[in-house]
Amino acid sequence: MVDLKGQYLKISNEINEAIQEVIDSTTFINGPRVKQFAQNLESYVGVKHVIPCANGTDALQVAFMALNLKPGDEVIVPCFTYVATAEVIALLGLVPVLVDVDSKTFQIDTTAFESAITAKTKAVVPVHLFGQCADMETILSICKQHNIYVVEDTAQAIGANYTLNGEVRGAGTMGHFGTTSFFPSKNLGCYGDGGAIFTNDDDLAEKARMICNHGQKKKYYHSVVGVNSRLDTVQAAILDVKLKYLDEYSAARQQVANRYDEAFANHPALEIPYRDLKSTHVFHQYTLKIHDLNRDALKQHLADNGIPSMVYYPVPLNEQEAYKGVGNFPVTDDLCTRVLSLPMSTELTIDQQQKVIETLLNFA
Ligand SMILES: *Cc1c(COP(=O)(O)O)cnc(C)c1O
(Lines give C-alpha, C1' and ligand atoms only; values in the text may rest on other atoms or scores of the structure.)
Protein backbone atom coordinates (compact mmCIF):
# COMPACT_ATOMS: atom_id res chain seq x y z
CA MET A 1 0.00 0.00 0.00
CA VAL A 2 2.97 2.30 0.65
CA ASP A 3 6.49 2.44 -0.78
CA LEU A 4 8.71 3.33 2.15
CA LYS A 5 11.85 2.09 0.41
CA GLY A 6 11.32 4.24 -2.67
CA GLN A 7 10.60 7.24 -0.49
CA TYR A 8 13.79 6.64 1.53
CA LEU A 9 16.00 6.21 -1.55
CA LYS A 10 15.15 9.71 -2.80
CA ILE A 11 16.49 11.32 0.38
CA SER A 12 18.87 8.61 1.59
CA ASN A 13 21.94 10.86 1.75
CA GLU A 14 20.23 13.36 4.02
CA ILE A 15 18.67 10.66 6.18
CA ASN A 16 21.87 8.66 6.56
CA GLU A 17 23.79 11.78 7.48
CA ALA A 18 21.18 12.78 10.08
CA ILE A 19 21.25 9.31 11.65
CA GLN A 20 25.05 9.19 11.64
CA GLU A 21 25.18 12.57 13.37
CA VAL A 22 23.05 11.27 16.22
CA ILE A 23 25.19 8.16 16.54
CA ASP A 24 28.37 10.26 16.59
CA SER A 25 26.92 12.56 19.25
CA THR A 26 25.57 9.60 21.31
CA THR A 27 22.71 11.84 22.49
CA PHE A 28 20.25 9.05 21.84
CA ILE A 29 17.66 10.33 24.30
CA ASN A 30 16.53 13.98 24.39
CA GLY A 31 19.24 15.07 21.97
CA PRO A 32 19.14 18.56 20.42
CA ARG A 33 17.45 17.22 17.30
CA VAL A 34 14.32 16.35 19.31
CA LYS A 35 13.78 19.96 20.32
CA GLN A 36 14.68 21.20 16.86
CA PHE A 37 12.14 18.89 15.24
CA ALA A 38 9.45 19.89 17.75
CA GLN A 39 10.05 23.56 16.97
CA ASN A 40 9.99 22.98 13.22
CA LEU A 41 6.75 21.05 13.57
CA GLU A 42 5.25 23.85 15.68
CA SER A 43 5.87 26.29 12.82
CA TYR A 44 4.69 23.83 10.21
CA VAL A 45 1.31 23.00 11.74
CA GLY A 46 0.87 26.38 13.37
CA VAL A 47 0.66 25.51 17.05
CA LYS A 48 2.31 26.92 20.14
CA HIS A 49 3.52 23.65 21.64
CA VAL A 50 4.54 20.33 20.13
CA ILE A 51 5.40 17.72 22.74
CA PRO A 52 7.08 14.71 21.16
CA CYS A 53 6.32 11.28 22.64
CA ALA A 54 6.75 7.59 21.94
CA ASN A 55 3.76 6.89 19.67
CA GLY A 56 0.31 8.09 18.70
CA THR A 57 -1.45 5.97 21.30
CA ASP A 58 0.68 7.46 24.07
CA ALA A 59 -0.07 10.91 22.69
CA LEU A 60 -3.78 10.27 23.24
CA GLN A 61 -3.17 8.78 26.68
CA VAL A 62 -1.01 11.66 27.85
CA ALA A 63 -3.53 14.19 26.54
CA PHE A 64 -6.30 12.54 28.57
CA MET A 65 -4.10 12.32 31.66
CA ALA A 66 -3.30 16.03 31.35
CA LEU A 67 -6.98 16.92 31.19
CA ASN A 68 -7.34 15.47 34.67
CA LEU A 69 -10.51 13.54 33.97
CA LYS A 70 -11.95 11.30 36.68
CA PRO A 71 -12.88 7.62 36.43
CA GLY A 72 -16.41 7.38 35.11
CA ASP A 73 -16.16 10.55 33.04
CA GLU A 74 -17.47 10.00 29.55
CA VAL A 75 -15.51 10.62 26.38
CA ILE A 76 -17.29 10.53 23.05
CA VAL A 77 -15.54 8.78 20.16
CA PRO A 78 -16.63 7.77 16.66
CA CYS A 79 -16.98 3.98 16.29
CA PHE A 80 -15.47 4.01 12.80
CA THR A 81 -11.82 4.48 13.77
CA TYR A 82 -8.66 2.69 14.79
CA VAL A 83 -8.89 1.06 18.22
CA ALA A 84 -6.23 3.28 19.85
CA THR A 85 -8.71 6.13 20.12
CA ALA A 86 -11.01 4.23 22.51
CA GLU A 87 -8.31 2.08 24.10
CA VAL A 88 -6.59 4.80 26.12
CA ILE A 89 -9.93 6.14 27.32
CA ALA A 90 -10.89 2.74 28.72
CA LEU A 91 -7.40 2.20 30.12
CA LEU A 92 -7.66 5.37 32.19
CA GLY A 93 -10.98 4.28 33.69
CA LEU A 94 -12.92 6.75 31.57
CA VAL A 95 -15.95 5.61 29.64
CA PRO A 96 -15.70 5.61 25.86
CA VAL A 97 -19.12 6.51 24.47
CA LEU A 98 -19.37 5.42 20.86
CA VAL A 99 -21.25 7.42 18.26
CA ASP A 100 -21.92 6.86 14.59
CA VAL A 101 -20.21 8.62 11.70
CA ASP A 102 -21.44 10.52 8.68
CA SER A 103 -21.86 8.26 5.64
CA LYS A 104 -20.50 10.84 3.22
CA THR A 105 -17.47 12.11 5.12
CA PHE A 106 -16.67 9.05 7.33
CA GLN A 107 -16.17 11.58 10.17
CA ILE A 108 -17.96 11.72 13.54
CA ASP A 109 -21.65 12.53 13.05
CA THR A 110 -22.14 15.83 14.84
CA THR A 111 -25.85 15.25 15.43
CA ALA A 112 -25.12 11.85 17.01
CA PHE A 113 -22.36 13.49 19.03
CA GLU A 114 -24.63 16.18 20.40
CA SER A 115 -27.35 13.62 21.25
CA ALA A 116 -24.82 11.50 23.17
CA ILE A 117 -23.85 14.31 25.53
CA THR A 118 -24.79 13.69 29.18
CA ALA A 119 -23.90 15.40 32.46
CA LYS A 120 -20.86 13.09 32.60
CA THR A 121 -19.49 13.98 29.16
CA LYS A 122 -16.10 15.62 29.58
CA ALA A 123 -14.43 15.25 26.19
CA VAL A 124 -14.82 14.29 22.56
CA VAL A 125 -12.27 12.88 20.12
CA PRO A 126 -12.85 13.95 16.55
CA VAL A 127 -10.69 11.58 14.48
CA HIS A 128 -9.63 13.23 11.23
CA LEU A 129 -10.11 9.96 9.40
CA PHE A 130 -8.22 9.08 6.21
CA GLY A 131 -6.63 12.55 5.94
CA GLN A 132 -9.52 14.99 6.01
CA CYS A 133 -10.74 17.01 8.98
CA ALA A 134 -13.93 16.30 10.86
CA ASP A 135 -16.58 19.05 10.99
CA MET A 136 -14.60 21.08 13.51
CA GLU A 137 -16.71 24.21 13.22
CA THR A 138 -19.81 22.40 14.45
CA ILE A 139 -17.91 20.26 16.96
CA LEU A 140 -16.14 23.22 18.56
CA SER A 141 -19.34 25.19 18.82
CA ILE A 142 -21.15 22.27 20.51
CA CYS A 143 -18.20 21.79 22.88
CA LYS A 144 -18.10 25.42 23.84
CA GLN A 145 -21.78 25.35 24.66
CA HIS A 146 -21.45 22.22 26.84
CA ASN A 147 -17.98 22.87 28.26
CA ILE A 148 -16.42 19.77 26.72
CA TYR A 149 -12.73 19.19 25.98
CA VAL A 150 -11.69 18.45 22.41
CA VAL A 151 -8.82 16.08 21.64
CA GLU A 152 -8.24 15.85 17.89
CA ASP A 153 -6.81 12.51 16.78
CA THR A 154 -4.65 13.73 13.90
CA ALA A 155 -2.72 10.49 13.33
CA GLN A 156 -4.03 10.31 9.74
CA ALA A 157 -4.24 13.99 8.84
CA ILE A 158 -1.00 15.76 9.65
CA GLY A 159 -0.59 18.63 7.22
CA ALA A 160 -4.29 18.98 6.43
CA ASN A 161 -5.75 22.46 6.81
CA TYR A 162 -9.21 23.44 7.90
CA THR A 163 -10.99 26.75 7.46
CA LEU A 164 -12.43 27.51 10.88
CA ASN A 165 -14.70 30.58 10.91
CA GLY A 166 -12.78 31.98 7.98
CA GLU A 167 -9.33 31.27 9.40
CA VAL A 168 -7.03 28.55 8.03
CA ARG A 169 -5.92 26.21 10.82
CA GLY A 170 -3.75 23.12 10.86
CA ALA A 171 -5.35 19.78 11.72
CA GLY A 172 -4.71 19.08 15.40
CA THR A 173 -4.40 22.73 16.42
CA MET A 174 -8.05 23.60 16.99
CA GLY A 175 -8.93 21.57 20.06
CA HIS A 176 -7.50 21.64 23.59
CA PHE A 177 -5.12 18.97 22.37
CA GLY A 178 -4.21 17.42 19.05
CA THR A 179 -2.38 14.11 18.89
CA THR A 180 -0.48 12.48 16.07
CA SER A 181 1.51 9.38 15.17
CA PHE A 182 4.76 8.98 13.25
CA PHE A 183 4.22 5.26 12.61
CA PRO A 184 6.17 4.47 9.42
CA SER A 185 3.12 4.30 7.14
CA LYS A 186 1.56 7.55 8.39
CA ASN A 187 1.88 10.64 6.17
CA LEU A 188 4.86 11.83 8.23
CA GLY A 189 6.41 8.55 9.32
CA CYS A 190 9.66 7.74 11.08
CA TYR A 191 11.64 4.49 11.02
CA GLY A 192 10.10 3.04 14.15
CA ASP A 193 7.56 4.38 16.61
CA GLY A 194 6.94 8.04 17.34
CA GLY A 195 4.18 10.47 18.20
CA ALA A 196 3.42 14.00 19.33
CA ILE A 197 0.93 16.09 21.25
CA PHE A 198 -0.11 19.56 20.08
CA THR A 199 -1.61 22.34 22.17
CA ASN A 200 -1.91 26.11 22.22
CA ASP A 201 -2.51 26.14 25.98
CA ASP A 202 0.62 26.82 28.08
CA ASP A 203 -0.70 25.08 31.20
CA LEU A 204 -1.85 21.98 29.35
CA ALA A 205 1.50 21.88 27.54
CA GLU A 206 3.41 21.95 30.80
CA LYS A 207 1.25 19.17 32.24
CA ALA A 208 1.62 16.99 29.15
CA ARG A 209 5.39 17.52 29.13
CA MET A 210 5.62 16.50 32.78
CA ILE A 211 3.45 13.44 32.29
CA CYS A 212 5.62 12.26 29.37
CA ASN A 213 8.62 12.58 31.67
CA HIS A 214 7.53 10.51 34.74
CA GLY A 215 5.49 13.40 36.10
CA GLN A 216 8.54 15.49 36.88
CA LYS A 217 9.55 19.01 36.00
CA LYS A 218 12.60 18.91 38.20
CA LYS A 219 14.63 15.73 38.08
CA TYR A 220 13.67 13.26 40.84
CA TYR A 221 10.71 15.40 42.00
CA HIS A 222 7.49 13.78 40.84
CA SER A 223 4.45 15.96 41.32
CA VAL A 224 1.98 13.93 39.25
CA VAL A 225 1.77 10.32 38.11
CA GLY A 226 3.40 10.15 34.73
CA VAL A 227 4.65 7.73 32.13
CA ASN A 228 7.85 7.30 30.17
CA SER A 229 7.05 8.43 26.66
CA ARG A 230 9.80 9.90 24.53
CA LEU A 231 10.61 10.33 20.87
CA ASP A 232 14.18 9.13 20.54
CA THR A 233 16.76 11.32 18.87
CA VAL A 234 17.35 9.08 15.84
CA GLN A 235 13.63 9.19 15.02
CA ALA A 236 13.49 12.95 15.59
CA ALA A 237 16.43 13.44 13.22
CA ILE A 238 14.71 11.35 10.54
CA LEU A 239 11.44 13.23 11.03
CA ASP A 240 13.17 16.58 10.89
CA VAL A 241 14.53 15.68 7.45
CA LYS A 242 11.20 14.29 6.25
CA LEU A 243 9.18 17.28 7.53
CA LYS A 244 10.81 19.42 4.81
CA TYR A 245 9.22 17.12 2.23
CA LEU A 246 5.79 16.81 3.83
CA ASP A 247 4.16 19.35 1.50
CA GLU A 248 5.62 17.50 -1.47
CA TYR A 249 4.39 14.20 -0.07
CA SER A 250 0.88 15.59 0.46
CA ALA A 251 0.85 16.98 -3.08
CA ALA A 252 1.93 13.61 -4.49
CA ARG A 253 -0.88 11.88 -2.60
CA GLN A 254 -3.38 14.47 -3.82
CA GLN A 255 -2.29 13.88 -7.42
CA VAL A 256 -2.82 10.14 -7.02
CA ALA A 257 -6.26 10.86 -5.51
CA ASN A 258 -7.18 13.20 -8.35
CA ARG A 259 -6.32 10.56 -10.94
CA TYR A 260 -8.40 7.93 -9.12
CA ASP A 261 -11.27 10.44 -8.86
CA GLU A 262 -11.14 11.08 -12.58
CA ALA A 263 -11.09 7.38 -13.42
CA PHE A 264 -14.00 6.44 -11.16
CA ALA A 265 -16.11 9.61 -10.97
CA ASN A 266 -18.93 8.47 -13.23
CA HIS A 267 -18.93 4.81 -12.31
CA PRO A 268 -22.27 3.81 -10.76
CA ALA A 269 -20.72 1.20 -8.43
CA LEU A 270 -17.80 3.26 -7.18
CA GLU A 271 -18.32 6.22 -4.88
CA ILE A 272 -15.23 8.40 -4.75
CA PRO A 273 -14.16 10.11 -1.50
CA TYR A 274 -16.15 13.15 -0.49
CA ARG A 275 -14.19 16.40 -0.56
CA ASP A 276 -15.12 18.79 2.22
CA LEU A 277 -14.82 22.40 1.08
CA LYS A 278 -13.65 23.43 4.56
CA SER A 279 -10.79 20.94 4.73
CA THR A 280 -7.90 20.01 2.53
CA HIS A 281 -7.44 16.26 2.17
CA VAL A 282 -3.98 14.73 2.59
CA PHE A 283 -5.18 11.25 1.64
CA HIS A 284 -3.68 9.05 4.26
CA GLN A 285 -6.06 6.64 2.57
CA TYR A 286 -7.93 6.81 -0.71
CA THR A 287 -11.12 5.03 0.24
CA LEU A 288 -13.92 4.11 -2.14
CA LYS A 289 -17.43 3.11 -1.17
CA ILE A 290 -18.51 0.12 -3.23
CA HIS A 291 -22.16 -0.14 -4.25
CA ASP A 292 -23.96 -3.07 -5.92
CA LEU A 293 -20.76 -5.03 -6.30
CA ASN A 294 -19.17 -7.74 -4.20
CA ARG A 295 -16.51 -5.74 -2.39
CA ASP A 296 -14.61 -8.79 -1.14
CA ALA A 297 -14.57 -10.42 -4.57
CA LEU A 298 -13.25 -7.15 -6.02
CA LYS A 299 -10.53 -7.12 -3.36
CA GLN A 300 -9.63 -10.71 -4.28
CA HIS A 301 -9.55 -9.82 -7.99
CA LEU A 302 -7.11 -7.01 -7.24
CA ALA A 303 -4.98 -9.34 -5.09
CA ASP A 304 -4.95 -11.99 -7.86
CA ASN A 305 -3.44 -9.32 -10.08
CA GLY A 306 -0.81 -8.36 -7.55
CA ILE A 307 -2.58 -5.23 -6.31
CA PRO A 308 -2.94 -4.72 -2.57
CA SER A 309 -6.06 -3.10 -1.18
CA MET A 310 -7.30 -2.82 2.38
CA VAL A 311 -10.52 -2.59 4.32
CA TYR A 312 -10.19 0.11 6.98
CA TYR A 313 -11.95 -0.93 9.17
CA PRO A 314 -13.45 -4.40 8.81
CA VAL A 315 -14.79 -4.54 12.39
CA PRO A 316 -16.04 -1.31 13.97
CA LEU A 317 -15.49 -0.48 17.64
CA ASN A 318 -19.11 -1.24 18.42
CA GLU A 319 -18.55 -4.85 17.32
CA GLN A 320 -15.28 -5.34 19.21
CA GLU A 321 -15.50 -7.59 22.23
CA ALA A 322 -13.62 -5.10 24.40
CA TYR A 323 -15.65 -2.03 23.44
CA LYS A 324 -19.14 -3.20 22.47
CA GLY A 325 -21.24 -0.10 22.34
CA VAL A 326 -24.81 0.30 23.37
CA GLY A 327 -27.09 1.55 20.66
CA ASN A 328 -27.21 1.31 16.91
CA PHE A 329 -24.55 2.47 14.52
CA PRO A 330 -26.11 1.83 11.12
CA VAL A 331 -23.78 4.05 9.10
CA THR A 332 -20.64 2.52 10.57
CA ASP A 333 -22.01 -1.01 10.12
CA ASP A 334 -22.79 -0.21 6.49
CA LEU A 335 -19.41 1.41 5.82
CA CYS A 336 -17.57 -1.64 7.11
CA THR A 337 -19.15 -3.66 4.31
CA ARG A 338 -18.48 -1.09 1.58
CA VAL A 339 -15.15 0.64 2.07
CA LEU A 340 -12.05 -0.29 0.12
CA SER A 341 -8.78 1.61 0.31
CA LEU A 342 -6.63 1.54 -2.82
CA PRO A 343 -2.83 1.77 -3.14
CA MET A 344 -1.85 5.29 -2.11
CA SER A 345 1.74 6.36 -1.77
CA THR A 346 4.05 9.24 -2.44
CA GLU A 347 5.96 7.05 -4.90
CA LEU A 348 3.11 5.55 -6.95
CA THR A 349 3.91 6.13 -10.63
CA ILE A 350 1.30 6.95 -13.26
CA ASP A 351 1.92 3.54 -14.88
CA GLN A 352 1.51 1.66 -11.62
CA GLN A 353 -1.64 3.57 -10.89
CA GLN A 354 -2.98 2.96 -14.38
CA LYS A 355 -2.64 -0.76 -13.75
CA VAL A 356 -4.62 -0.44 -10.52
CA ILE A 357 -7.34 1.52 -12.31
CA GLU A 358 -7.56 -0.85 -15.27
CA THR A 359 -7.60 -3.95 -13.10
CA LEU A 360 -10.34 -2.49 -10.94
CA LEU A 361 -12.44 -1.39 -13.90
CA ASN A 362 -12.05 -4.84 -15.48
CA PHE A 363 -13.98 -6.24 -12.56
CA ALA A 364 -16.43 -3.42 -12.02
C1 LIG B 1 -2.14 5.13 13.81
C2 LIG B 1 -3.26 5.66 14.61
C3 LIG B 1 -3.17 5.81 16.00
C4 LIG B 1 -2.07 5.23 16.83
O5 LIG B 1 -0.78 5.56 16.52
P6 LIG B 1 0.44 4.66 17.02
O7 LIG B 1 1.63 5.50 16.74
O8 LIG B 1 0.43 3.41 16.20
O9 LIG B 1 0.26 4.39 18.46
C10 LIG B 1 -4.22 6.43 16.67
N11 LIG B 1 -5.30 6.86 16.02
C12 LIG B 1 -5.44 6.71 14.69
C13 LIG B 1 -6.68 7.24 14.02
C14 LIG B 1 -4.44 6.11 13.93
O15 LIG B 1 -4.60 5.96 12.61
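The values are calculated or read from the model by the stated rules, or taken from the named source; none is laboratory data. Since the model is a prediction, treat every value here as computed from it, not as a measurement. Every residue, glycine among them, receives a Cβ derived from its backbone with ideal geometry; neighbour counts consider all protein chains shown. Areas reflect the complete protein model, heavy atoms only, side chains present, ligands, DNA and RNA absent. Shrake-Rupley method; radii C 1.70, N 1.55, O 1.52, S 1.80 Å.
Assorted remarks:
- Max mean-square fluctuation residue, GNM over the chain, Cα-Cα springs under 10 Å, options L69, L98, L129: L69
- Ordering Q216, Q107, H281 by Cα displacement along the dipole of the chain toward the positive end leaves Q216 in first place; charges were set at the Cβ atoms of Lys, Arg (+1) and Asp, Glu (-1).
- The label-point distance for A269 and Q254, in a model that sets each label 7 Å from Cα toward Cβ, rounds to 3.2 nm.
- The accessible surface of the range 179-306, taken with every protein chain in place and a 1.4 Å probe, is 49 percent carbon and sulfur.
- Each Lys and Arg Cβ is given +1 and each Asp and Glu Cβ -1; about its Cα centre, the range 140-275 then shows a dipole of about 420 debye.
- With the simple spin-label model, which puts each label point 7 Å out from Cα in the Cβ direction, the A303 to K217 separation comes to 5.4 nm.
- Solvent exposure of the chain as accessible area per residue, Å², 1.4 Å probe: 44 Å²
- Fully extending the segment from R338 to N228 would add 35.6 nm, taking 0.36 nm per residue of separation and subtracting the current Cα-Cα distance.
- Toward the positive end of the charge dipole of the range 246-363, with +1 on the Cβ of Lys and Arg and -1 on the Cβ of Asp and Glu, the farthest Cα among A303, L270, V326 is that of V326.
- Rounded FRET efficiency, nearest 0.05, which uses the C-beta distance separating K70 from A364 and R0 of 56 Å: 0.65
- Spin-label pair I11/K355, simplified geometry with 7 Å Cα→Cβ offset, distance in nm: 2.6 nm
- Packing, as the average of other Cβ atoms within 10 Å across residues, places the peptides 349-358, 99-108 in the order 99-108, 349-358, highest first.
- For the peptides 113-121, 215-223, residues were scored by their other Cβ atoms within 10 Å and the scores averaged per peptide; the highest-first order is 113-121, 215-223.
- Value of relative contact order over the chain, rounded to a whole percent, pairs C-alpha under 8 Å and six or more apart: 21 percent
- Within a Gaussian network of the chain (alpha carbon springs, distance under 10 Å), most fluctuating of S25, S279, S229: S25
- Magnitude of the charge dipole, the chain, Cβ model with Lys/Arg +1 and Asp/Glu -1, debye to 20: 760 debye
- Positive-end residue of G56, T233, Y245, charge dipole of the chain with Cβ unit charges: T233
- Net length available on complete extension from S25 to N294 is 91.3 nm, with 0.36 nm assigned per residue and the Cα-Cα distance removed.
- Taking the chain as a Gaussian network of alpha-carbon nodes connected by springs under 10 Å, the highest mean-square fluctuation of the residues E42, E74, E248 belongs to E248.
- Residues A119 and D3, FRET efficiency given R0 of 51 Å [Cβ-Cβ distance, rounded to 0.05]: 0.55
- Peptide packing for 47-54, 144-151 was compared via the average number of neighbouring C-beta atoms within 10 Å per residue; ordered from the highest value, the list is 47-54, 144-151.
- Across the range 73-136, C-alpha contacts under 8 Å between residues 6 or more apart give a mean separation that, scaled by the residue count, equals a relative contact order of 40 percent.
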